[in-house]
2 protein chains.
Amino acid sequence: MPRSAHRPTILDVARAAGVSKSLVSAALRGERGVSTASRDRILAAADELDYRTNGWAQRLVSGRSDLIGVLLTDLRNAYQTEIVNGVEDAARSAGFDVILSHGRRDRDLLRTRLQGLIDLGVDAVIAVTGHLQADDLDAAAERVPLVVVGRPASVPDAAGWIRNDDEEGARLALTHLRERGHERIAFVHGSSRPASRARRDTYRSFVAHPREFDADAEGIPRLLDAADEVSAVFAANDRLAAQIVADASDRRVRVPEDLAVVGYDNTELAELVRPGLTTIDQPRTRMGEDAAGQALAMLDGAPPARIVAAPRLVVRSSSG
Amino acid sequence: MPRSAHRPTILDVARAAGVSKSLVSAALRGERGVSTASRDRILAAADELDYRTNGWAQRLVSGRSDLIGVLLTDLRNAYQTEIVNGVEDAARSAGFDVILSHGRRDRDLLRTRLQGLIDLGVDAVIAVTGHLQADDLDAAAERVPLVVVGRPASVPDAAGWIRNDDEEGARLALTHLRERGHERIAFVHGSSRPASRARRDTYRSFVAHPREFDADAEGIPRLLDAADEVSAVFAANDRLAAQIVADASDRRVRVPEDLAVVGYDNTELAELVRPGLTTIDQPRTRMGEDAAGQALAMLDGAPPARIVAAPRLVVRSSSG
DNA sequence: CTGAAAGCGCTTACAG
DNA sequence: CTGAAAGCGCTTACAG
């Protein structure tokens, strides 16, 4: 079928089946109260013509899109895959499709993409990111049901919110290290955003003499130079932990013998590097399902909820 | 603004500005031939009412969406990030937005999502995947300009196609190993799909006594057990290469001393694991830009093209 | 069970 | 430079 040809509409199907377009519409939508004979003729005609409903028209008139938009911080993050899968499963079983957008870890772009999803006309948005600012989230929540998965600086009252318990996760990591006999534990910052900061604050209140390093080209080498003063390090995420393990290898610092390492997120990386990373797992699939469930409930008028998911310690070789 | 309230339309703006809705439409679209006075009044009114154009209506009447759909094999693949960024940059500068969808590496789901993008009404589709079957691609190419990035079993004549030169990439990897003095080189399969098979076929014709292993729980251990019979391994992708390096570490096989390793794709993984992976790089950003450029050209009636991008060797520690 | 009418919110000619 | 009319392809009441 050449694209230049007239794409068949409901009217073409009606003519071919010898009925009105109202009846075609009803039959196509599977409405009850269409005679079997008519239905069969209509569906046959539609099939014959290779008819496809025009989504724009359908959405214009119905006022809903049956579409959920998911906004991701960026595409690289191994952490978010299961969250998206969870969202999609829950959405799909409720008859919604999911489209994705991402912001390359850039705040302005994230805001643009968030607006883009809303302007496109999705029925709800799930923002899997901690990078958005309060006013961006406010503006979005005013226009569409919004659920945030992650830990931005603040979440508007009108939005749903699902995150993991970073304080508890940090406590699990640090308790594990202490139980392995580590007293001098360092911390490596991920960023200054809330999730990372919460892990850091928990660290500060947990150890007697906090020793913190930045995750930059200077920070990790300094940490490794200090490997005789500290015996373990808690990194704010797996990416960092993997970087520490790699740099340690380059400098002949043995992990875990000279330095035990614990990460956060339990991404694919954690089981791929050597030694494998002890880390903190979040129930990501579940969080995604909950996010979609909440967005759909909000669509039906339910008030937004806040869910804090419990993290879990996953032990591998990097902590001895 | 509560969602329950009447969302302002072009007619509300017209009334507020004291003009016709045609003029509002013209002003909003930035058409020339609207007096400055009218334009100012209209834009002020739109702003005041927080007017947003209804995308469904706009698309229904204009017949185009200014939307490009990108289909990804799955979300995990570090390989595709730059491709998507390239697509987005090129699309955006032509006034198109990009939405993403993915198929979790499942053929049926990929087909469903491909249909979903088209049904949604995107103007063109870029399928960044080698997993789709000929008939799925055929059906899609009939309905919308389609550009494939990757190497599926076959690409319809009606579709554009961009891929890297796997044969050349494999040759670069193998020549590199040979130059480092390796004569007994093994190969580890990625899958049976065309890209991986092309790398394998090149391998077979390159070495005198091919020695192949599967990338499963049995294959890699057998390879490592044979490490005194082979001195190097070419893996069909970085993920596999990283797995080999990890398993080698577990079995005290030293990389590169006992076994040199070369991967393919130059993903983030390649510089994160230790030893860093020697690998083959594809010009991914460029490939993404080309894909978008081609899709947009096809929208203007240009015939589909086939582009084979040149890969490049990236040397790190894993090859000695 | 079926059809004719009205309308969703826009844009596109076409007058003036 | 501006406005009135027609129409995009559907769905939604409402008659019959």
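Some points to look at:
- Just one of (1) of a type in the set (G, A, S); (2) touching a residue at least 12 places away in the same chain (Cβ under 8 Å); (3) away from every other protein chain (no Cβ under 14 Å) fails for A:S205. It is (2).
- Residue list for the stretch B:52-102, restricted to those being within 16 Å of DNA strand D (Cβ to nearest atom) and among the polar types (S, T, N, Q): B:T53, B:N54, B:Q58, B:S62, B:S65
- Of the residues making up the stretch B:127-156, those that are within 14 Å of chain A (Cβ to nearest Cβ) and under 21 Å from B:R286 (Cα atoms) number 3.
For (1) assigned by TED's automatic domain parsing to the domain that holds B:R199; (2) in contact with a helix residue (DSSP H, G or I) (Cβ under 6 Å, 6 or more places away or on another chain); (3) under 22 Å from A:L117 (Cβ atoms), each residue gets a yes or a no:
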site	(1), (2), (3)
B:I99	no, no, yes
B:D108	no, no, no
B:L117	no, no, yes
B:G121	no, yes, yes
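- Close pairs from the stretch B:8-28: first within 14 Å of chain A (Cβ to nearest Cβ), partner more than 9 Å from DNA strand C (Cβ to nearest atom) and part of a helix (DSSP H, G or I), Cβ under 9 Å, at least 6 apart: B:P8/B:A16; B:P8/B:A46; B:P8/B:L49; B:I10/B:A46; B:L28/B:I42; B:L28/B:L43; B:L28/B:A46
- When residues in the stretch A:29-56 are screened for being farther than 24 Å from B:V122 by Cα and either touching a residue at least 60 places away in the same chain (Cβ under 8 Å) or in contact with a Ser or Thr (Cβ under 9 Å, 6 or more places away or on another chain) (or both), 1 of them pass.
- The stretch B:40-86: number of residues that are basic (K, R) and in contact with a Phe, Trp or Tyr (Cβ under 6 Å, 6 or more places away or on another chain): 1
- B:A139 passes every criterion in (1) surrounded by fewer than 19 Cβ atoms within 10 Å (Cβ to Cβ); (2) within 16 Å of DNA strand C (Cβ to nearest atom); (3) of a type in the set (A, V, I, L, M) apart from (2).
- Residues within the stretch A:1-14 that are surrounded by 15 or more Cβ atoms within 10 Å (Cβ to Cβ) and either more than 8 Å from DNA strand D (Cβ to nearest atom) or not basic (K, R) (or both), tallied: 6
- Residue count, the stretch A:86-108 (criterion: facing chain B (nearest Cβ under 10 Å), assigned to a helix (DSSP H, G or I) and crowded, with 19+ Cβ neighbours inside 10 Å): 1
- Some residue of the stretch A:21-40 being surrounded by fewer than 17 Cβ atoms within 10 Å (Cβ to Cβ), under 30 Å from A:R193 (Cα atoms) and away from DNA strand D (no atom under 12 Å from the Cβ): no
- Failed item in (1) out of contact with any Leu (no Cβ under 6 Å at 6 or more places or on another chain); (2) without any contact (Cβ under 8 Å) to a residue 24 or more places away in the chain; (3) within 14 Å of another protein chain (Cβ to nearest Cβ), with A:R59 passing the rest: (2)
- The condition of being within 42 Å of the chain's Cα centre (by Cα), within 13 Å of DNA strand D (Cβ to nearest atom) and surrounded by 10 or more Cβ atoms within 10 Å (Cβ to Cβ) does not hold for A:L43.
- Candidates A:P194, A:P210, A:P152: the one that is more than 18 Å from A:L277 (Cα to Cα) and without any contact (Cβ under 8 Å) to a residue 24 or more places away in the chain is A:P210.
- Failed condition for B:S154, given (1) outside the structural domain of B:R113 (by TED's automatic domain parsing); (2) polar (S, T, N, Q); (3) not in a helix (DSSP H, G or I): (1)
- Single residue of the stretch A:1-14 satisfying the filter (in a helix (DSSP H, G or I) and within 30 Å of B:L299 (Cβ to Cβ)) that is farthest from DNA strand C (Cβ to nearest atom): A:D12
- All of (1) within 13 Å of chain A (Cβ to nearest Cβ); (2) at negative phi; (3) within 16 Å of DNA strand C (Cβ to nearest atom); (4) not β-branched (V, I, T) hold for B:E31 with one exception: (1).
- Selection over the stretch A:62-85 of residues that are buried (at least 21 other Cβ atoms within 10 Å of the Cβ), within 10 Å of the chain's Cα centre (by Cα), facing another protein chain (nearest Cβ under 8 Å) and not β-branched (V, I, T) gives a count of 1.
- Condition broken by A:G276, with the remaining ones in (1) among the small types (G, A, S); (2) in contact (Cβ under 8 Å) with a residue 40 or more places away in the chain; (3) outside any loop (DSSP other than H, G, I, E, B) satisfied: (3)
- Here B:G103 qualifies as over 20 Å from B:M287 (Cα atoms) and within 13 Å of the chain's Cα centre (by Cα).
- Taken together, the residues in the stretch B:230-279 that are within 30 Å of B:V308 (Cβ to Cβ) and either within 12 Å of chain A (Cβ to nearest Cβ) or out of contact with any Asp or Glu (no Cβ under 7 Å at 6 or more places or on another chain) (or both) amount to 26.
- Condition broken by A:D123, with the remaining ones in (1) at the interface with another protein chain (Cβ under 10 Å from one of its Cβ atoms); (2) surrounded by fewer than 22 Cβ atoms within 10 Å (Cβ to Cβ); (3) within 16 Å of DNA strand C (Cβ to nearest atom) satisfied: (1)
The values are calculated or read from the model by the stated rules, or taken from the named source; none is laboratory data. These figures come from a predicted structure and were not determined experimentally. Ideal geometry is used to build each Cβ from the backbone, glycine not excepted, and the neighbour counts take in all protein chains shown.
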